[in-house]
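Q: Before I ask anything, let me first share the structure, which is written out below as structure tokens.
The values are calculated or read from the model by the stated rules, or taken from the named source; none is laboratory data. What you see is a predicted model; the values in this text were computed from it and never measured. In this analysis, Cβ positions are derived from the backbone assuming ideal geometry, glycine residues included, and neighbour counts consider all displayed protein chains. Ligands, DNA and RNA are stripped out before the accessible areas are found, and what is left, the full protein with its side chains, is counted by its heavy atoms. Shrake-Rupley method; radii C 1.70, N 1.55, O 1.52, S 1.80 Å.
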Amino acid sequence: MLENNITDTALIFEGGGMRASYTSGFLNTLLENNLYFDYVAGISAGASNTVNYLSRDTERARKSFVDLVLEPEFGGWHSFLKGEGYFRAHYIYEETYHPGAALPLDFDTFMANPARVRIGAFEMENCIMRYFTKDDINTVQDLVKIVRSSSTLPFFMLPTDFQGKTYLDGGLHSGIALDIAKKDGFKKFFVVLSRPKGFRKGPFKLPGLIKSYFRQYPQLVDAMLGCYEKYNQTMDELDELENENRAFLVCPEAMPVKNMETNYNKLLQSYRMGYAQGQRDLPYWKEFLGVE
């Protein structure tokens, strides 16, 4: 029977596309040192990290944001120009999880993990954030569809339909699931971020493109144009929580890749940098978490 040893602190994984190659190195440091949280929340690429963490799969954690780019079906500009998206979401999330495929998923271990899970996705029509829980997951197909819903990057991935609703990337809210962790009663937070310390977002550089592309969804346009403000407000709050010793922010010392990086060697280097930093910072993590 799986057990978790950290019950008073919420583990939160930020998204960031292929920057998760770095944060998956943090994830594997947690797993290899038996740091098992009883509450895990993630958005976008952080949703994949959440699933890999709860299924306790260090190999899948690395492959999800490194090795997978070697698959011919992964995507790229040729895929984008064919109308299939820069990242071929159906393949990445719904074809790779089978035994013998590129990213076999241990669904049984995921479901057996007693930790509470929260995966955030942005409902396109009503412009609201929805956090999925294990109550929404009856099959492995449900799970991968939810992760895909959370990770659907606007413009570069096709919107995801799930149970009668259409979803886009949960990063349109803020990208960091602090709000739901607070709502669920947590006072302490261990937050794995995909940007260096102090990063803040600016407004979209091409707002006219967004207004034109999503002209049938004016509320969605407003949400997209304002999401940087929500992100920055969340980061300001996290800084305050850190000053109160109620949050530990795990930030990359440097981020060597962008969110749409597909170069295997660069992603492998990014993973190794994240893993090495995790090994160095592990004593500070344990001190904050109160574990030996």
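Q: Can you list the aspartates and glutamates whose alpha carbon sits under 14 Å from that of LYS188, skipping same-chain ones fewer than 8 residues off?
A: Here the aspartates and glutamates satisfying the reach criterion relative to LYS188 are ASP8, ASP38, ASP179, GLU237, ASP239, GLU240, GLU242, GLU244, GLU287.
Q: Per q in 0.19 1/Å, what log10 I(q)/I(0) does a Debye calculation on the alpha-carbon atoms of the range 1-154 return?
A: -1.22
Q: At 1.4 Å probe size, with every protein chain present, just tell me what the per residue accessible area of the chain comes to in Å².
A: Value returned for the chain: 44 Å² of accessible area per residue.
Q: So, one more: Straight-line reach only, C-alpha to C-alpha below 17 angstrom: list the lysines that LYS182 could link to, leaving out same-chain residues fewer than 8 apart.
A: The qualifying lysines are LYS230.
Q: Once the cut-off is 33 Å, how many percent of the Cα-Cα pairs in the chain end up in the long-distance tail?
A: When every Cα pair of the chain is considered, 16 percent fall beyond 33 Å.
Q: Take the Cβ-Cβ distance between GLN216 and GLU292 as r, set R0 to 51 Å, and report the resulting FRET efficiency rounded to the nearest 0.05.
A: So the FRET efficiency works out to roughly 0.35.
Q: For the range 121-252, take N as its residue count and report Rg(C-alpha) divided by 2.2 N^0.38 Å. Walk me through the intermediate numbers first.
A: Details: Rg = 15.8 Å, N = 132, 2.2 N^0.38 = 14.1 Å.
Compared with the compact-globule rule of thumb, the range 121-252 sits at 1.13.
Q: Let me ask you something else. Rg(Cα) of the range 66-164 divided by 2.2 N^0.38 Å?
A: 1.13
Q: Further, regarding this structure: Would you mind computing, in nm to one decimal, how far apart the modelled labels at LEU158 and ASN5 are, each placed 7 Å from Cα along Cα→Cβ?
A: 4.5
Q: Please grab the % of Cα pairs in the range 213-292 that end up more than 20 Å from each other.
A: 59
Q: Ignoring ligands, DNA and RNA, please state the percent of accessible area on the chain from carbon and sulfur, probe 1.4 Å. Before the final figure, lay out each step's value.
A: Values: 6320 of 12890 Å².
On the chain, the fraction of accessible area on carbon and sulfur atoms equals 49 percent.
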